[in-house]
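Q: Before I ask anything, let me first share the structure, which is written out below as structure tokens.
The values are calculated or read from the model by the stated rules, or taken from the named source; none is laboratory data. Everything numeric here is computed off the predicted structure, so don't read it as measured data. Cβ atoms come from the backbone with ideal geometry, glycine included; neighbour counts cover every protein chain shown. These accessible areas exclude ligands, DNA and RNA; they are computed on the full protein's heavy atoms, side chains included. Shrake-Rupley method; radii C 1.70, N 1.55, O 1.52, S 1.80 Å.
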There are 2 protein chains.
Amino acid sequence: MEVIAFERGTHTSYAACGLPYFLGGEVSDADALVVRSPDEHRRRGIDVRIHHEVELIDLEQRVVRVRDLDGNQTLREPFDQLVIATGAEPVRPKIPGIDATGVHVVKTLAGAIGLRRALETDPPRRAVIVGAGYIGIEVAEALLRRGIDVTMIDRAEQPMITLDAPSGALVADALRSRGVELVLNAEISGIIERSGAVSAVATAHSEYPADLAIIGLGVRPEVGLARAAGLRIGDAGAISVDDHMATSEEGVYAAGDCVEVFHRVSRRYTTIALGTHANKQGQVAGVNAAGGSGRFAGVIGSAITKFFETEIARTGLSRREAEALGVEYTSIRHVGSMSAGYMPNQQTTTVELVADANSQRLLGAQVVGGSGAGSAIKWLAAAVWNEMTLPDIVDLDLPYVPPLGPLWEPAQDAARRLNWS
Amino acid sequence: MEVIAFERGTHTSYAACGLPYFLGGEVSDADALVVRSPDEHRRRGIDVRIHHEVELIDLEQRVVRVRDLDGNQTLREPFDQLVIATGAEPVRPKIPGIDATGVHVVKTLAGAIGLRRALETDPPRRAVIVGAGYIGIEVAEALLRRGIDVTMIDRAEQPMITLDAPSGALVADALRSRGVELVLNAEISGIIERSGAVSAVATAHSEYPADLAIIGLGVRPEVGLARAAGLRIGDAGAISVDDHMATSEEGVYAAGDCVEVFHRVSRRYTTIALGTHANKQGQVAGVNAAGGSGRFAGVIGSAITKFFETEIARTGLSRREAEALGVEYTSIRHVGSMSAGYMPNQQTTTVELVADANSQRLLGAQVVGGSGAGSAIKWLAAAVWNEMTLPDIVDLDLPYVPPLGPLWEPAQDAARRLNWS
């Protein structure tokens with residue numbers, strides 16, 4: 001099978017999740033983030049063409065129209081099978097000053113290389129991060145590591161809106177304990193410029209001085225090409241695919257941040273821009289486009305991040321999500337220990353469980369705690385995936401040794417309290 | 001309900017798993033290991049009688065005959081419901097010198113208090129630990145922390161026989177890297193005494209000088225009372241109970257190390273002396289004895305320990321166990337990273353998966369790795385418990401952030417390699 005891959009940028013197959021650690025300097029070299037360069041792909045028989053932007057997909061003629069950005073010419077490439085992996089674009093609010101120098105999004109490797117150069121050659125003193133989600137928090141750590149003062153602005157009443165309020169409050173505590181000025185319930189209204197560069201970020205009520213502004217408002221599936229080609233776009237605003245990653249058009253597949261995913265707990269289609277899903281989906285789309293048979297099993301909303309020593313993780317549905325779906329749920333918050341109670345250096349982990357009030361099925365879990373706490377979300381994800389109930393969770397044979405946890409794993413302890421209350 | 005509890009020793013409800021950390025000094029005070037003292041139980045309405053040894057259970061008359069060890073008199077106590085929680089006794093080989101001063105088992109709090117006093121008042125220089133299982137390894141760390149030279153002798157060709165050979169070899173490496181002299185394929189033949197105290201431990205081929213000998217050869221269910229009473233003892237040598245922890249006699253329950261447990265993967269009854277099971281079983285037995293309805297769901301052989309920074313964990317069946325059961329299995333060993341490949345301070349974790357060759361169901365897993373590695377066994381235990389297949393495991397939505405793991409969780413990576421090989 002002849003495989004041609006068009007990429008409008010310079011880099012292929014890089015670890016976007018690693019960009020905050022490249023910005024912070026823990027990853028010293030941008031090349032380390034590149035899993036496979038264009039040449040490596042070529043050696044494996046993939047005809048990678050960088051600086052080539054696909055402008056149009058013609059499903060009638062089975063061709064794509066491509067602009068060679070270097071040669072500035074247009075070519076047409078026929079296909080039998082097509083895989084669309086256009087990803088997502090960062091949300092950039094249409095506010096005054098958004099294009100000022102010093103206003104960045106963290107999305108592409110090329111962009112991160114530029115931002116890091118700026119951090120190193122002309123170190124900013126004060127940064128405003130707009131959006132206190134995963135990227136915002138990871139970039140905050142990176143900037144703090146460089147000694148930059150950080151203000152975070154979020155429109156919600158808590159950071160990490162994918163967590164429920166109590167977990168969000170723990171994240172807020174962690175951010176503030178490291179000196180972050182956290183501004184909540186605040187929507188940005190503009191970027192204030194001085195000589196074309198950012199000098200402050202404005203909200204309705206205040207101005208926050210900054211010589212660097214990071215926009216971390218999430219991403220939007222990039223579906224322009226797919227929509228123009230007439231492919232079905234789902235209600236969640238991304239390309240609609242089945243579990244074979246097949247779009248509405250025979251022989252056309254899509255994978256990654258540009259597609260809708262089936263959420264196994266909510267039973268709805270949604271968009272979740274994560275490398276774990278994109279990686280699996282790309283494999284499935286490729287296998288199927290090549291005549292094989294692969295299947296993507298869907299998602300349950302698992303995610304994890306850390307802010308210095310605080311680990312933050314979630315899976316399944318939050319209370320907020322359960323409410324929005326009209327699910328009757330019960331929930332419990334439990335503060336557990338990360339070692340047996342008699343061991344030295346006690347650290348706590350806070351677990352929140354959400355369960356169906358009728359079936360007692362575990363719908364979701366959130367964990368915020370010290371080093372190592374986040375890993376509990378993995379078995380909780382397996383529990384949600386397998387539709388375990390609270391009594392099932394209490395029964396589960398999890399191992400124990402005093403330095404690595406209490407006899408009752410905190411989330412099991414939470415389950416038995418919720419179960420018996 | 002009137003509840004009377006007889007205990008021949010002094011302590012009740014203490015954390016036996018914490019004894020090695022008390023010996024090492026990380027837990028400074030023995031009282032810290034006591035979850036509930038006799039008085040605390042009494043305040044909750046349980047008539048605890050320490051220094052009372054039950055000598056006979058008379059099922060015909062529904063009475064127990066008890067010796068008051070302090071008053072040295074015998075009393076008879078009638079019962080309507082009986083719970084037997086006699087635990088297990090450490091294996092003490094019948095070899096010359098086994099009763100010499102300086103030969104210890106680590107089983108009871110009272111024994112550990114005596115041993116620690118000896119460690120502190122007359123610190124030994126060289127210790128031989130007989131048996132390189134969980135207790136042996138944890139006690140080795142405790143003694144090394146006190147600056148004592150440690151030799152470990154095990155009859156098997158590897159330490160931790162509950163692991164397969166490659167994982168066992170990693171444990172051997174960890175032991176040796178901390179200076180342990182590890183003597184394998186060696187059976188002890190006697191304790192050599194000088195003036196009534198241990199001076200060496202002898203095998204068929206050699207003698208190992210020691211002023212302290214720890215016997216860590218595991219435990220045997222203590223079923224003497226139950227057997228004499230006519231209760232059914234199972235093939236595994238422990239009290240036979242159903243999933244309500246009910247013995248063969250109406251109104252008589254048993255729980256803890258003295259009972260057989262149902263292994264959900266092997267579908268056989270076995271004995272596994274672990275606090276996690278005992279704790280759950282005790283609760284179930286108590287609930288049922290009190291007229292409620294509780295159920296113990298069985299075990300899957302999950303266990304974890306650590307030796308300094310090395311974490312060692314297992315769940316389900318090892319290859320050795322699968323073989324013994326006549327199960328056709330496939331297995332894969334995979335060395336993974338504990339963070340994304342481009343992050344600094346790379347640490348490895350070695351995963352071994354065992355799967356049914358026909359159904360691809362995950363039968364078991366073993367993990368040996370650096371700090372944090374062991375926690376993966378928890379989601380693998382959930383996978384075994386829920387009878388997930390290798391493809392299911394590859395599908396599982398586990399979260400990812402670069403500092404806390406690679407994009408493909410090592411065991412998922414192993415599963416897809418095994419799955420596609």
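Q: Kindly indicate which of A:84, A:50 is touching a Pro at 6+ places or on another chain (Cβ under 6 Å), modelled with pLDDT of 95 or more, surrounded by 14 or more Cβ atoms within 10 Å (Cβ to Cβ) and aliphatic (A, V, I, L, M). Give the derivation first.
A: Details: A:84 fails: touching a Pro at 6+ places or on another chain (Cβ under 6 Å).
So the residue among A:84, A:50 that is touching a Pro at 6+ places or on another chain (Cβ under 6 Å), modelled with pLDDT of 95 or more, surrounded by 14 or more Cβ atoms within 10 Å (Cβ to Cβ) and aliphatic (A, V, I, L, M) is A:50.
Q: On the basis of being small (Gly, Ala, Ser), out of contact with any Pro (no Cβ under 8 Å at 6 or more places or on another chain) and open to solvent by 10 Å² or more (accessible area, probe 1.4 Å), does residue A:292 make the cut? Before the answer, list the steps.
A: Working: small (Gly, Ala, Ser): yes; out of contact with any Pro (no Cβ under 8 Å at 6 or more places or on another chain): yes; open to solvent by 10 Å² or more (accessible area, probe 1.4 Å): yes.
Considered against the rule, which asks whether it is small (Gly, Ala, Ser), out of contact with any Pro (no Cβ under 8 Å at 6 or more places or on another chain) and open to solvent by 10 Å² or more (accessible area, probe 1.4 Å), residue A:292 comes out as yes.
Q: Hey, can you tell me all the residues within the stretch A:19-34 that are crowded, with 17+ Cβ neighbours inside 10 Å and either under 23 Å from residue A:51 (Cβ atoms) or modelled with pLDDT under 95 (or both)? If you could, list the steps in order and put the result at the bottom.
A: Here is the first cut: in the stretch A:19-34, the ones crowded, with 17+ Cβ neighbours inside 10 Å are A:19-24, A:26-27, A:30, A:32-34.
Passing the criteria: A:19, A:22, A:30, A:32, A:33, A:34.
Q: Let me ask you something else. When the stretch A:35-47 is examined, which residues are found to be in a helix (DSSP H, G or I) and surrounded by fewer than 17 Cβ atoms within 10 Å (Cβ to Cβ)? First the steps, then the outcome.
A: Restricting attention to the stretch A:35-47, the residues satisfying the condition of being in a helix (DSSP H, G or I) are A:38-43.
Correct list: A:39, A:40, A:42, A:43.
Q: Also, I was wondering about something else. Counting only residues that are facing another protein chain (nearest Cβ under 7 Å) and assigned to a loop (DSSP other than H, G, I, E, B), which one in the stretch A:389-408 is nearest to residue A:329 (Cα to Cα)? I'd like the intermediate steps shown before the answer.
A: Of the stretch A:389-408, the ones facing another protein chain (nearest Cβ under 7 Å) are A:395-404, A:407.
Remaining after also requiring assigned to a loop (DSSP other than H, G, I, E, B): A:396-401, A:407.
Details: A:396: 22, A:397: 25, A:398: 25, A:399: 29, A:400: 30, A:401: 33, A:407: 27 Å.
The extreme case among them is A:396.
Q: Could you please let me know if residue B:109 is open to solvent by 30 Å² or more (accessible area, probe 1.4 Å) and touching a His at 6+ places or on another chain (Cβ under 7 Å)?
A: no
Q: Another question, if that's okay. Conditions: (1) more than 27 Å from residue B:20 (Cβ to Cβ); (2) part of a strand (DSSP E or B); (3) within 14 Å of chain A (Cβ to nearest Cβ). Residue B:311 meets all but one. Number of the miss?
A: All conditions are met except number (1).
Q: Quick one: count up the residues across the stretch A:189-215 that are open to solvent by 10 Å² or more (accessible area, probe 1.4 Å), closer than 17 Å to residue A:125 by Cβ and in a loop (DSSP other than H, G, I, E, B).
A: Number of matching residues: 2.
Q: From the list A:363, A:380, exactly one residue is buried (at least 24 other Cβ atoms within 10 Å of the Cβ), touching a residue at least 24 places away in the same chain (Cβ under 8 Å) and either facing chain B (nearest Cβ under 7 Å) or in a helix (DSSP H, G or I) (or both). Which is it?
A: Details: A:363 fails: either facing chain B (nearest Cβ under 7 Å) or in a helix (DSSP H, G or I) (or both).
Result of the check over A:363, A:380: A:380.
Q: Examine the stretch A:246-265 for a residue that is out of contact with any Gly (no Cβ under 6 Å at 6 or more places or on another chain) and at the interface with chain B (Cβ under 10 Å from one of its Cβ atoms), and state whether such a residue exists.
A: So far as the stretch A:246-265 goes, yes, one or more of its residues are out of contact with any Gly (no Cβ under 6 Å at 6 or more places or on another chain) and at the interface with chain B (Cβ under 10 Å from one of its Cβ atoms).
Q: Continuing with this model, one more query. For the stretch A:112-144, which residues satisfy the criterion of being surrounded by fewer than 22 Cβ atoms within 10 Å (Cβ to Cβ) and of a type in the set (Gly, Ala, Ser)?
A: The answer is A:114, A:118, A:133.
Q: Next question. Looking only at residues in the stretch B:269-289 that are touching a strand residue (DSSP E or B) at 6+ places or on another chain (Cβ under 8 Å) and open to solvent by 40 Å² or more (accessible area, probe 1.4 Å), which one is nearest to the other protein chains (Cβ to nearest Cβ)?
A: Out of the qualifying residues, it is B:274.
Q: I'm told residue A:304 meets every condition in (1) facing another protein chain (nearest Cβ under 9 Å); (2) in contact with a His (Cβ under 8 Å, 6 or more places away or on another chain) except one. Can you identify the failing condition by its number?
A: For residue A:304, the exception is condition (2).
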